[in-house]
Every structure is written in structure tokens, then in C-alpha cells.
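Since the structure comes first, as C-alpha cells, the remarks are kept for the end.
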Amino acid sequence: QVQLVESGGGLVQPGGSLRLSCAASGSIFSVSAMGWYRQAPGKQRELVAVISSGGMTNYPDSVKGRFTISGGNVVNTVYLQMNSLKPEDTAVYYCNFQLRKSPWAQWLDYWGQGTQVTVSS
């Protein structure tokens with residue numbers, strides 16, 4: 001089994017910071033990419049940040065300069081540092097791992113359970 005457990009969400013005032021964590025465990029041979037997505041009520045799930053196994057990162061304009069993704073394959077953990085939070089950042093945040101369980105297995109996406117981030121005064 002592969003399990004993704006995330007934490008770090010909560011209530012924060014505008015301009016504040018939060019750090020999300022997501023740890024993957026179980027039968028994992030390799031990880032090709034890790035990422036964070038979010039979904040607000042009535043909206044589609046959107047990409048927040050992604051990092052490849054080689055360390056390349058990508059962010060949408062909405063969070064660029066404010067959010068930072070980090071992590072590595074050794075401990076299979078990904079983090080999302082969120083600074084200068086805005087009310088529009090309010091959403092459920094999900095971590096994502098693209099991984100395979102063996103060299104012969106296909107690459108699959110695994111998701112965390114989601115953690116609520118609320119930015120409000």
C-alpha cells in the first residue's frame with residue numbers, strides 16, 4: 001500500500017504564513033514528481049506547485065513569489081511554504097505524488113486526504 005498523509009492546514013490571517021507537509025509511505029520504488037493542488041468550493045481543482053525528482057519547480061502566477069515547494073525522494077516528503085496568504089488562497093489543499101512501486105510498474109498518481117487552509121480576519 002501507498003499512503004499519503006498531509007498536515008499543516010489551519011486558520012490564518014491575511015498576510016500570514018503556513019507550512020504544509022505531506023509524507024508518503026509504503027511500497028515505493030521511485031517518485032518522478034510531487035505537487036500540491038487546491039480546490040475551493042464551487043471551483044475546479046487547480047495546480048499550486050510542482051517539483052520534479054530533478055528539483056525543477058513550477059508555479060502558477062497566482063502563487064508565484066509567495067509559495068515555495070520543496071522535498072526529495074529520499075524521505076518521500078513534500079512541503080509547501082505559503083507566505084503572504086490572501087483570502088483567495090482559502091481552499092482544501094491536496095498533495096500529489098507521481099510514483100511507481102517497481103521498475104516494471106506503471107506511473108500512477110496518489111493523493112493525500114486534503115487539509116483545509118482558511119485565510120480570514
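The values are calculated or read from the model by the stated rules, or taken from the named source; none is laboratory data. Quick caveat, the model's predicted, so the values are computed rather than measured. When we count neighbours, we look across all protein chains shown, and the Cβ atoms used for this are built from the backbone with ideal geometry, even at glycine. The accessibility values were calculated without ligands, DNA or RNA, using every heavy atom of the protein model including side chains. Shrake-Rupley method; radii C 1.70, N 1.55, O 1.52, S 1.80 Å.
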### Task
State the number of residues belonging to the range 92-110 that are surrounded by 15 or more Cβ atoms within 10 Å (Cβ to Cβ) and farther than 20 Å from Gly54 by Cβ.
4
## Note on the structure
So, first residue closer than 19 Å to Thr77 by Cβ in the range 102-116, second residue modelled with pLDDT of 95 or more and not in a strand (DSSP E or B), Cβ within less than 6 Å, six or more apart or across chains; the pairs are Thr115/Gly9
### Any chance Ser121 is loosely packed, with under 13 Cβ neighbours inside 10 Å and in contact (Cβ under 8 Å) with a residue 40 or more places away in the chain
yes
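Yes or no, residue by residue, for (1) assigned to a strand (DSSP E or B); (2) open to solvent by 70 Å² or more (accessible area, probe 1.4 Å):
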{"position": "Gly16", "(1), (2)": "no, no"}
{"position": "Ser21", "(1), (2)": "yes, no"}
{"position": "Ala33", "(1), (2)": "yes, no"}
{"position": "Tyr37", "(1), (2)": "yes, no"}
{"position": "Lys43", "(1), (2)": "no, yes"}
{"position": "Ala49", "(1), (2)": "yes, no"}
{"position": "Pro60", "(1), (2)": "no, no"}
{"position": "Val63", "(1), (2)": "no, no"}
#### Entry: Whichever residue in the range 65-91 is of a type outside the set (S, T, N, Q), in contact with a strand residue (DSSP E or B) (Cβ under 8 Å, 6 or more places away or on another chain) and assigned to a loop (DSSP other than H, G, I, E, B) and, among such residues, is least open to solvent (accessible area, probe 1.4 Å)
Leu85
